[in-house]
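Trainee: Have a look at this one before I ask anything.
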Amino acid sequence: MTDDVSRNERIKEASDYLRGTLAEGLRDEITGAIVEDDQQLVKFHGMYLQDDRDLRPERAKKRMEKAFAFMMRVRMPGGVLAPAQWLALDEVARTYANGTMRLTTRQTVQLHGIIKSNVKATMRAIDAVLLNSIAACGDVNRNVMCNPNPYQSRAHAAALDLARAISDHLTPRTPAYREIWLDGERIVGGEEEVVEPIYGKTYLPRKFKIVVAVPPSNDVDIFAHDLGFIAILGEGGDVLGWNVTVGGGMGMSHGEPETYPRTAEVMGFCETKHALAIAEAVVTVQRDWGDRKNRKHARLKYTIEDRGLDAFRAEVERRAGITLSPAKPFTFTSTGDRYGWSEGADGRAHLTLFVQNGRLADRPGAAQLSALRKIAQVHNGDFRITPNQNLIVANVPADKQKEVHWLATEAGLLAPWSGLRRNSMACVALPTCGLALAESERYLPDLIDALAERLAAHGLADDDIVIRMTGCPNGCARPYLAEIGLVGKGPGRYNLYLGAAFDGSRLNKLYVEDVDHAGIIAALDPIYAAYAAGRQKGERFGDFCIRAGFVAATGNGRDFHANVGGQPTQ
Ligand code: SRM
Ligand code: SF4
């Protein structure tokens, strides 16, 4: 290893395939934390050490250690959970975590507030129902997403098969997970190629994210991801193969224009039998070409910007031994979920519920966790978490549909009427996220109340408009692909972005910087008025913002930062 690699590279290399001193750190009862290097390694096992930021001032005053606890993220390709698995997570949430379940923007469940002494019990409980959290975080391939929409069932089944196959193929092989958390025996020996044939000792330069999409729905937000597969369907609805996309990503830092969100590009078309080989080749090219010196420049999107798509494609084809065909036409229409009941092919039905910002809890008047527990007890289908932080109760037989509907209604889980709220997402942010600059999950519902009132005044109450908020520029709720994107700048202050495409194919652009609650409403109200008065038939809000000159259209890559401040070039 050369001298100038980043600190994380050294930690990985010295970690003995992700072991570090995690086992010892777990036994140390003097602190609720673990040492710094292990904090990086524990991510590869699906956990983050966090502290409750609401409690920081009080604990500092009392000279107490921060209120440390772990967040655990479960790995579940395609977001599919059997009822027994749901019940196990629900039990863990109430017994070892903070009493809530958090559905994420990548079809997983996060459990917050697990203190160190409860971590192993949590890991055992999820292992008992055949779940794990390996590689849910860290510099590896994360949870693979796919379109959970069951109404196109044959294509969906193929998408889920591919998502699972990719996930299995790219899961780290290190036995460290089993040894540390499940008291597995250490098996002595194992050269690099044997332990991690795909990743090697230092894994990937940075996190890596893969999705599988079935048009016309782009609910997985394929253009936000490092690698994607778009199902190309034949006349009978069978999957002919996949368009392959590469180089999407959201994260950036305020004031650092060399960092930027980027939409993925279509690299070509492959048959299903070649998809795994292509996925592996994309991962290994990024493993070898990605920047290991500067973590802010280490995602695949920068590799592709720097080397060019043609060079990247050629190297992928060389390694996979496959020549990609030219991409085939496809059309996406939206990134949102299809709420309510939909009929499956076999008489069973599926109910898509609205979970505000993915947070499930038992609140006064809305006992959501309890309702879903009851549903899991009577239901023999499955649960599917959507990429929009929502939940599908899937494959419900005819004789259970009334009961499921009633339980969901009682718990306030049916989709709201407001077009803005139905299309909203917020990242977790405070109090658990250590990187949050502003509130998100706890604030967006109130902002939507205020914005929805203004929309109603302009006769736009039930128009579908995509709004997403994050507490910092990392982009966890994919705000740069929202028609209205709000990104935390500091306490109570946000940057407002406009002009993304409703189908998720075009990024938005900065419209106004550093505004508070009143400033957001004041900035949007005249645009709503103009939209109500001047939109063309079927014109989406994001497209209108560009046509009416509020922002310039964003091309890609570095263009994201060009022409800021509502000064479009014509
Ligand atoms: Fe994220 C870091 C939460 C999806 C980009 N993300 C974090 C951490 C772990 C904070 C940290 O590093 O200390 C957050 C934990 C908060 C908490 O208290 O729970 C966090 N990210 C989330 C979740 C839970 C947001 C949500 O509200 O659902 C999502 C979990 C997904 C999952 O189940 O795997 C989540 N994060 C995303 C997405 C969206 C996506 O992947 O589709 C993105 C943008 C796409 C991308 O990766 O480019 C995203 N998260 C980031 C980044 C910026 C990465 C970058 O390239 O710059 C960070 C910070 C980092 O990696 O340095 C980050
Ligand atoms: Fe935390 Fe920022 Fe991600 Fe929100 S976007 S969860 S504040 S890292």
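Trainee: Please state the relative contact order of region 255-334 as a whole percent: Cα pairs under 8 Å, 6+ residues apart?
Mentor: Here the relative contact order equals 44 percent.
Trainee: Give the shape of region 442-506 as rounded, prolate or oblate, defined through the alpha-carbon gyration tensor: a ≥ b ≥ c are the square roots of its eigenvalues, a/c under 1.5 means rounded, and otherwise the shape is prolate if a/b is larger than b/c and oblate if not.
Mentor: It is oblate, given that a/c is not under 1.5 and a/b is not larger than b/c.
Trainee: At 4 °C and 1.567 mPa s, what whole-number value in µm²/s does Stokes-Einstein give for the translational diffusion of region 398-499, with Rh from the Kirkwood sum over Cα pairs?
Mentor: 88 µm²/s
Trainee: For every helix of n ≥ 4 consecutive DSSP H residues, a contribution of -39,500 (n - 2.57) applies; sum these over the chain, divide by its total residues, and give [θ] at 222 nm rounded to the nearest 500 deg cm²/dmol.
Mentor: One gets -9500 deg cm²/dmol as the mean residue ellipticity at 222 nm.
Trainee: Rounded to the nearest 5, what is the percent of antiparallel bridges among the DSSP beta bridges in region 428-570?
Mentor: Expressed as a percentage, antiparallel bridges in region 428-570 total about 70.
Trainee: What does the C-alpha gyration tensor say about the overall shape of the chain? Classify as rounded when a/c is under 1.5, otherwise prolate if a/b is larger than b/c, or oblate.
Mentor: rounded
Trainee: Can you sort Trp86, Trp417, Trp341 by how many other beta carbons sit within 10 Å, fewest first?
Mentor: Fewest to most other Cβ atoms nearby, the residues stand as Trp417, Trp341, Trp86.
Trainee: Here's something else I'd like to know. Compare the peptides 233-240, 440-447 by average per-residue count of other Cβ atoms within 10 angstrom and give them in order, highest first.
Mentor: Numbers: 233-240: 12.0, 440-447: 19.9.
Top of the packing list down: 440-447, 233-240.
Trainee: In region 271-322, what GluC sites (Glu not before Pro) fall in a loop by DSSP, with at most 16 other Cβ atoms inside 10 Å?
Mentor: Details: sites: Glu271, Glu280, Glu305, Glu315, Glu317; in loops: Glu271.
Passing sites in region 271-322 are Glu271.
Trainee: Please give the net charge around Ala482, taking every other residue with its beta carbon less than 14 angstrom from that of Ala482, where Lys and Arg add +1 and Asp and Glu add -1.
Mentor: +1
Trainee: Hey, got a sec? Which trypsin sites (Lys or Arg not before Pro) in region 38-105 land in a DSSP loop and have at most 10 other Cβ atoms within 10 Å?
Mentor: Passing both the DSSP loop test and the Cβ count: Lys62, Arg63.
Trainee: Cross-link partners among lysines for Lys509, C-alpha distance below 19 Å, same-chain residues fewer than 8 apart left out?
Mentor: Lys301, Lys489
Trainee: Can you spot the aspartates and glutamates whose alpha carbon is less than 18 Å from Lys209's alpha carbon? Ignore those fewer than 8 places along the same chain.
Mentor: List returned: Asp139, Asp161, Asp168, Asp219, Asp221, Asp226, Glu265, Glu280, Asp288, Asp291, Glu305.
Read-outs: derived from the displayed coordinates by stated rules, not from any lab. Owing to the predicted nature of the structure, the values given are computational and were not obtained by experimental measurement. Heads up, the Cβs are rebuilt from the backbone with ideal geometry, glycines too, and the neighbour counts pull from every protein chain shown.
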